[in-house]
Amino acid sequence: MKKNWFKRLLLSYLPIFFFIALALILLSAISASELTKKETVRANNVFADHVMQMIDHTMRTIDQQMIKEIQTNEKITQFYAQYYTGNSTMTLYDVSYKLRELIANTPMIDSIYLVRQSDYTVLSNTLMAPMEEFGDREFIRNALQQGGSLKWTDARAYKEFDDQIRSSQVVTLVKNVPLLGGKQGIIVVNVQTSAIQNLIKDMTESNVNFIQLTDHLGKPIVDSKSAGKVLSEVTSDYTGWRIQSGLLNDNPPLFIVSYSSLWMAMNLLMIGIGLIWIVYVTRRNYQPIESILARIDSYAAQRSSSLAGMSGQDEFRFIETALDDLVERTMTFQKQREEDIIFRKRNFFKEMIDGTRPISKEQFEAEMRLYGLQEDIGLIVMAVVEIDKYAEYCSRYNQRDQYLLKFALSSVVTEISQNEGIRVWMEWTSNAQLSAMVHLPADAETTVLASQMFDKVKLWVNQHLAYTVTIGIGALIDGIDEVPGSHEEALEALQYKSSLGGNRIIEHGEVAAKSQGEVYKHLHWMRSMGQKFRLGDKEWRLELDQLFRELIDGLFTRDDVYAILHYLIYHMQREVMELPSELQDIWTNETLPQLSEALERLDTISELEQEFTIVLTAAFEQMDRLRTSRTHHPLMLRVKEYLNEHYANPDLSLTYLSGEFELNAKYLSQMFKEEFGVNFLDYLGNVRIQQAKRLLMETGESIQEIGIQVGYPNVRSFMRVFKKLAGVTPGEYRKKE
C-alpha cells in the first residue's frame, strides 16, 4: 500500500521544522556570545599555565633523578675518585651501562656525559675521551669556570663528535660532583628541544591557537604555529622560560553580532509564520481523516460494533483500532489453526527423534496426512545440519537477520531435495542445529544419495551465505522405531567436527571405523610446556604446536578436546602461580580469561590453535619484557646459562655460585626464585635428571657412570633424586622407554 498521505504530511512539516530550528539556533548563538569571549581568554590562560606546569614537572624530575644518582650510585662516585684502587675497567663499563639505562628509562634525555676534573676525562654512554677531543668541550670549559651547578641553560647547539655533520638543539642541566663543592667534576644532561616539543605536542597541535616556549634570551624552544594575537604569558619560576599563547592570525575573529531589536522582530516574525503554516497544513490534510472517521462511526452504529462511541479518542489510534479489528475478524480462526499445526508438527518431530514415546507406522501415516506430507515411509536417513562458529554468527547478526538466514538454509535444503526427487522433513531442534529426516528410495543400499544432496546444500551455502555448515549423517534405517538411534549417530558424527574441521559432511560410519586418540596420552608435554613457559624458555611454543598436531591426528571428539585443553590451562595456571605477583597478574587478569573464552567458543581445533598461540605468545612476551626490565635479569640469565653448562660439576651449589658471581648466597637464591619461580636446587636437579634421561636412552653406560656425568658421584644420591623427579628408578626408566 502506497503511503501517499504519510509522505505528503512529512514533506509539509519538514520546512516548518527547519524554519523554526533556524530561529532557535540564532537566538542561542546571540545569547552565548559574551560568555564565549570571556571563556576563550580564561581557557587560554589555564592552557598556558598547565603546559608550563607539565614542562616544569618533567625537568624537575630529571634534575631530582640526577641528584639521586650522584648521592647513591657508588660506581659514579668511584669514577670521580682520584685514587680509586678497584677494577677501573669494570667501573667504567658499569657507569656507561648506567648512563644508557638512564637514557632508556627517561625518553626525554638525549645524552648524558661525565667530566672528571682531575684529568679532564669525559665519559658518555657511547665513548670515553679526553676533554679536548670531545665535541662539546667549549661548553665544558665554561661550566667548569663558572664553578657551580646550572639548572637549565638556554637553547644551544650540541655535538658529541667534531666530525658530526649536524648538531642538535638542546637545553642542558649541569650538576656538580659532589653536589656541595663540586671539586671532582660535573655531570651534564642534554634534553633536545624537539623532545620538549613532542612532550606537549598533543596539547599544542591546533588550528585555532598557538604556543611559543622561549628561553631567558627570548630564543624559541618550542614554536607550534606562526604567531598571532597573544592572550596569555607565563614565566617559569624554576627554569626561567616563558610561554606565550594566543589565537592564530588566520582564524576568524571571535565575535557575534549584538542582539538588537531587529533580530527580535525577525525571530518573532519567523515563529509567527511557522505557526500559521502549521495550522494551514494541518487543516488541509485533516479533511481525508475526518471523512474516514465519519464512515467508521456510521458502520459501527449500524452493526452495533464495539467501535461505536470510540471516535472521541485520538483519530490515528481510532483508525488503527478499526483496522486491527477488521483484520482480526477475518484471520483469527485460520491463524489459530496454522499455529496449532505448526506447533504440533514440531512437537511430534521432536518426540520421534528423541524416542520419548513409541510411534507406530499407523500413527506416523496419520500425522503425515494432517501435515500434508506423503504417508509412505520407505528407507530413512537422519541428518543434522549445524551452523559453524555459532557464537560468531550470533555476534555478527541481530535476531531478525539470524531468523532470515536460518530460513534461507531450510529453504535451500527443501529446494535441492525436491530437485533430487528426495523427500525431506526437517525442524530446528536447537539454535544451531537443523535436524532432517531424509526419505530415500526403497532400492537404496547406502546413504550416498543423502550425502550427495547435502553436498550440494553445503556448496550453495558457501557460495551464497556468509557462514558455513557441517552435516552429520546417521545410519540407513527402515523403521520409525529406529529414528532416535540414527539421529543420535548423526549428532555423534558432529562431535568429530573439532578434529576433522567444519564445512564438511561427516558420516557416522566413517568416523566410527577410525581409531580414536587417547585423551590423556600427552600429559607429559603439558607439564613440560608449563615449566618452560614459567622459566622463559621459548621452546614452549614447539611443544604447543606438537600437542595440537596430536589432537588433530588423534581424531578426538569435541568433549575430549575440551577436557585436554582445560587440563593444559589448569597445569599452566599452577606453574605461573610460582612466579612473582606482577607476572601472575598478567596471567590472571588477561591471559586466563582469554583462554577460557576461546575454549568456550571451541568449533575446530585449527582455529582454537591460532587463538591459543596468539594469547599465550602475547602473555609470554609481556612477561619477558617485565623480566628484562628488572636490574638483576641479565645476571640471573647468566646464572641459568652457567647451570645449564656446568650441571656435571658435583661441587655446584649456592656457595659455589656466590663465589663465581660475587653475590651473597642467600640473595642469589632469593633472586633466582623470584625470576624463574623455582628454587636453585630444584632447577639444578631437573637439569641433571633431564640429561640423565637422555644418556639412559642414547648410551649403554652404567647407571653409576651416568650419575657421575650429570654431577652425582654418589650413585645412591643419583637414584634417590632420579626417582623423586621421574617417579621411577634409572633402571626402570631405561626398560620402560
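From the residues in the range 693-723 that are touching a residue at least 24 places away in the same chain (Cβ under 8 Å) and under 24 Å from Ser669 (Cβ atoms), which one is most open to solvent (accessible area, probe 1.4 Å)?
Pro713
Being at pLDDT below 65 and either under 30 Å from Ala195 (Cβ atoms) or surrounded by fewer than 12 Cβ atoms within 10 Å (Cβ to Cβ) (or both), is that true of even one residue in the range 43-66?
No, there is no match, as no residue in the range 43-66 is at pLDDT below 65 and either under 30 Å from Ala195 (Cβ atoms) or surrounded by fewer than 12 Cβ atoms within 10 Å (Cβ to Cβ) (or both).
How many residues are part of a strand (DSSP E or B) and open to solvent by 30 Å² or more (accessible area, probe 1.4 Å) when one looks only at the range 427-443?
The number of residues fulfilling the criteria is 2.
Taking the options Ile416, Ile380, name whichever one is closer than 23 Å to Asp443 by Cα, touching a residue at least 12 places away in the same chain (Cβ under 8 Å) and in a helix (DSSP H, G or I).
Ile416
Kindly check whether there is at least one residue in the range 597-617 that is touching a residue at least 60 places away in the same chain (Cβ under 8 Å) and within 30 Å of Leu684 (Cβ to Cβ).
Yes, the conditions are met somewhere in the range 597-617.
Which residues, taken from the range 150-186, are open to solvent by less than 60 Å² (accessible area, probe 1.4 Å), closer than 18 Å to Ser118 by Cα, without any contact (Cβ under 8 Å) to a residue 60 or more places away in the chain and not in a strand (DSSP E or B)?
Across the range 150-186, the qualifying residues are Gly181, Gly182.
Checking the structure you have, find out if any residue of the range 190-206 is within 21 Å of Leu102 (Cβ to Cβ), open to solvent by less than 40 Å² (accessible area, probe 1.4 Å) and at pLDDT 85 or above.
Within the range 190-206, one or more residues are within 21 Å of Leu102 (Cβ to Cβ), open to solvent by less than 40 Å² (accessible area, probe 1.4 Å) and at pLDDT 85 or above.
Please indicate, with yes or no, whether at least one residue in the range 89-110 is open to solvent by 40 Å² or more (accessible area, probe 1.4 Å), touching a strand residue (DSSP E or B) at 6+ places or on another chain (Cβ under 9 Å), among the charged types (D, E, K, R) and within 23 Å of Pro220 (Cα to Cα).
Yes.
To keep it simple, each residue is scored yes or no on (1) among the aliphatic types (A, V, I, L, M); (2) at pLDDT 80 or above.
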| residue | (1), (2) |
| --- | --- |
| Met426 | yes, yes |
| Met453 | yes, yes |
| Gly474 | no, yes |
| Leu491 | yes, yes |
| Gln495 | no, no |
| Glu507 | no, yes |
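Strands (runs of 3 or more DSSP E) wholly in the range 86-147 with at least 1 residues that are closer than 19 Å to Asn190 by Cβ and under 38 Å from the mean Cα position of the chain (by Cα) - which ones?
Qualifying strands (runs of 3 or more DSSP E): 111-116.
Suppose we filter the range 444-482 for residues that are aliphatic (A, V, I, L, M) and either buried (at least 22 other Cβ atoms within 10 Å of the Cβ) or closer than 15 Å to Glu420 by Cβ (or both); how many remain?
11
When the residues of the range 373-406 are narrowed to those that are touching a helix residue (DSSP H, G or I) at 6+ places or on another chain (Cβ under 6 Å) and at pLDDT 85 or above, which ends up surrounded by the fewest Cβ atoms within 10 Å (Cβ to Cβ)?
Glu386
The values are calculated or read from the model by the stated rules, or taken from the named source; none is laboratory data. What you see is a predicted model; the values in this text were computed from it and never measured. With ideal geometry, Cβ positions are generated from the backbone for all residues, glycine too; neighbour counts draw on all protein chains shown. Side chains are part of the model used for accessible areas, which takes the heavy atoms of the whole protein and leaves out ligands, DNA and RNA. Shrake-Rupley method; radii C 1.70, N 1.55, O 1.52, S 1.80 Å.
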